[in-house]
Amino acid sequence: MGRLDALAQALGHADAQALKKVVAQILKDADIGTYFSKYVKNPTDILKHVSEMITPNRSGNNMRNVDFPDIDLIVRNTLENYMTV
């Protein structure tokens, strides 16, 4: 069992995929895209700041090593799923 599955189970979910579905629904129910749009006129502008989204101190908290291409992919997936781009 991986750490994410263990975390998901500790939170009362079957596995990491089940937890992912719950978190995704919370974000959709909260209409996070509309909230975010209040602060960012063009959602893709956030991609200009990927290089600022990880620092050595912050990366020490990650469950695995990530690099800028990983962060870029996370941001792009988030924009695609929760924002009107």
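The values are calculated or read from the model by the stated rules, or taken from the named source; none is laboratory data. Not measured: the values here are computed from a predicted model. FYI the Cβ positions are ideal-geometry reconstructions off the backbone, even for glycines, and counts take in every protein chain you see. When the accessible area is computed, the model is the full protein with side chains, heavy atoms only, and any ligands, DNA or RNA have been set aside. Shrake-Rupley method; radii C 1.70, N 1.55, O 1.52, S 1.80 Å.
Key figures
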item	result
Accessible solvent surface per residue of the chain, calculated while the other protein chains remain in place, 1.4 angstrom probe, Å²	78 Å²
Restricting the range 2-43 to trypsin sites (Lys or Arg not before Pro) in coil, as DSSP defines it, with at most 10 other Cβ within 10 Å	Lys38, Lys41
Label-point separation in nm, Ser51 to Met63, each point 7 Å along Cα→Cβ	3.0 nm
The range 30-85 - Rg (one decimal) and Dmax (whole number), Cα, Å	12.4, 32
Angle in degrees between helix 16-29 and the longest Cα principal axis of the chain, rounded to the nearest 10	40 degrees
Whole-Hz couplings from phi, Karplus 6.51/-1.76/1.60, listed for the range 68-79; x for Gly and Pro	4, x, 5, 5, 4, 5, 4, 5, 4, 5, 5, 4
Reciprocal mean inverse distance between Cα atoms of the range 1-42 - Kirkwood radius, Å	11.6 Å
Relative contact order of the chain, pairs being alpha-carbon contacts under 8 Å that are 6 or more residues apart, as %	30 percent
The range 5-85, accessible surface, carbon-and-sulfur percent (1.4 angstrom probe)	54 percent
